[in-house]
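Presented below is the structure to which this report refers.
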Amino acid sequence: MASSLLTKILLAPRSIHTSSLFTHYPPILSSFFNQLFSTRAVPTTKLTGWAPCMASSIVSRRATYSTRSAHTNEPVVSVDWLYENLKEPDIKVVDASWYMPDEQRNPIQEYQVAHIPGALFFDIDGIADRTTNLPHMLPSEEAFAAAVSALGIQNKDDLVVYDGKGLFSAARVWWMFRVFGHDRVWVLDGGLPRWRASGYDVESSASSDAILKASAASEAIEKVYQGQAVGPITFETKFQPHLVWTLEQVTKNIEEKSHQQVDARSKPRFDGIAQEPRKGIRSGHVPGSKCVPFPQILDSSQALLPADELKKRFEQEGVSLEKPVVTSCGTGVTACILALGLHRLGKTDVAVYDGSWTEWGSHPDTPVDTAAAQTQ
């Protein structure tokens, strides 16, 4: 895993300043970078080097955001807050970008092209359980502690997690840290797209230190599952079992109905009309579950909706905010977006079914409902 990560390294470290970007790359990449960096650059003395044309508005906003004012009852922070607090010594920024296989996007390569200054890279597929064929399942406490320690993260750190789509896979890593007892973690609302649209600087490529840390995290996971010794542990876990559900718990819940199960997949997949993207998995949903497709709780810029709008979205799909909730999706990624939205509404104990539909739908003996079956 670690060696494969290193083979993905494309470029030497350098900073991106939009006015001089194209001097560093060959013409074959010009169309790609034209899409990434389309804002007009103007000089400024307030920000390092050159900055996009919104720099003056950034400077005028600086007094608005107090340092270190984030609270754990709000699961996201704004790009303006992060800009003001980026250099705080106990704040670590984590790039948790991950994409569906059919998107054909490489998160580590995109990280190297453009990331928030100083950001670490968290490999969702790498920091995962190595004892199962299910994708990116939650690792053991020991494995997670070893990987996170290799990244240089400590319990005293405040973490801000983002991704390259706006708000997508970052919610998964937010949930993972909370499962292992670290509550001082937030998702960057709107992610890297909003950061760049606001005119804030990004870096190109990763420092050798950041690449080594990402590789060391994968190596640490491998060593733990192989029973080998790992390096110093700087992050202690405190497992929160109520935040993660298993297949057995979901099965039991069908009869007991102690929790409302809410599925983040699209309605056609939930209804069993659309085929699942992974082979060998049945279509449909867990009997008794409800469907709130995750895009419904995001705005057009892929940021989390305000609380009043979130409340409407959940209630119109029959989800009661007064009753316990467990969320699910395809592989346990977008289920965490629903958990993030419910957290904003004060439901901080929402569980995620980690195996989600990939596990449930691949079992030959688990019950499955479809829209067609319910109308018969």
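The values are calculated or read from the model by the stated rules, or taken from the named source; none is laboratory data. Because the structure is predicted, anything quoted here is derived from the model rather than measured. Neighbour counts run over all protein chains shown; Cβ positions are idealised from the backbone, glycine included. Areas reflect the complete protein model, heavy atoms only, side chains present, ligands, DNA and RNA absent. Shrake-Rupley method; radii C 1.70, N 1.55, O 1.52, S 1.80 Å.
Here are some notes:
- Take the conditions (1) touching a helix residue (DSSP H, G or I) at 6+ places or on another chain (Cβ under 8 Å); (2) under 21 Å from ALA229 (Cβ atoms); LEU212 misses just one of them, which is (1).
- Neighbours by Cβ (under 7 Å, 6+ apart or cross-chain): first from the range 230-241, assigned to a loop (DSSP other than H, G, I, E, B); second open to solvent by 60 Å² or more (accessible area, probe 1.4 Å): VAL230/LYS223; THR234/GLN154; PHE235/GLN154; PHE235/ASN155; GLU236/ASN155; THR237/GLU141; PHE239/GLU141
- Output for the range 276-300, where each listed residue is of a type in the set (S, T, N, Q) and open to solvent by 50 Å² or more (accessible area, probe 1.4 Å): GLN296, SER300
Yes or no, residue by residue, for (1) basic (Lys, Arg); (2) under 30 Å from LEU86 (Cα atoms):
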{"site": "THR237", "(1), (2)": "no, yes"}
{"site": "PRO241", "(1), (2)": "no, no"}
{"site": "HIS285", "(1), (2)": "no, no"}
{"site": "LYS290", "(1), (2)": "yes, no"}
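- Residues satisfying the stated conditions in the range 235-275, i.e. within 22 Å of the chain's Cα centre (by Cα), small (Gly, Ala, Ser) and open to solvent by 30 Å² or more (accessible area, probe 1.4 Å): SER266
Matching residues to (1) closer than 15 Å to TRP98 by Cα; (2) crowded, with 24+ Cβ neighbours inside 10 Å; (3) among the hydrophobic types (A, V, I, L, M, F, W, C):
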| residue | (1), (2), (3) |
| --- | --- |
| GLY118 | no, no, no |
| ASP129 | no, no, no |
| ASN133 | no, no, no |
| VAL148 | no, yes, yes |
| GLY152 | no, no, no |
| VAL161 | yes, yes, yes |
| ALA171 | yes, yes, yes |
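- Within the range 185-213, residues that are open to solvent by 40 Å² or more (accessible area, probe 1.4 Å) reach partners that are modelled with pLDDT of 90 or more and assigned to a helix (DSSP H, G or I) with beta carbons closer than 8 Å, at six or more positions or on different chains, in the pairs ARG194/VAL79; LYS213/ALA150.
- Candidates are the residues of the range 141-160 that are hydrophobic (A, V, I, L, M, F, W, C) and in contact with a Gly (Cβ under 9 Å, 6 or more places away or on another chain); the one that is nearest to ASN85 (Cα to Cα) is ALA150.
- For the residues ASP369, ASP349, the requirement of being more than 28 Å from PRO101 (Cα to Cα), of a type outside the set (A, V, I, L, M, F, W, C) and open to solvent by 30 Å² or more (accessible area, probe 1.4 Å) singles out ASP349.
- Hits in the range 65-102 (condition: hydroxyl-bearing (Ser, Thr, Tyr), modelled with pLDDT under 95 and either crowded, with 20+ Cβ neighbours inside 10 Å or not in a loop (DSSP other than H, G, I, E, B) (or both)): none
- Residue in the range 333-340 that is touching a Gly at 6+ places or on another chain (Cβ under 9 Å) and not polar (S, T, N, Q) present: no
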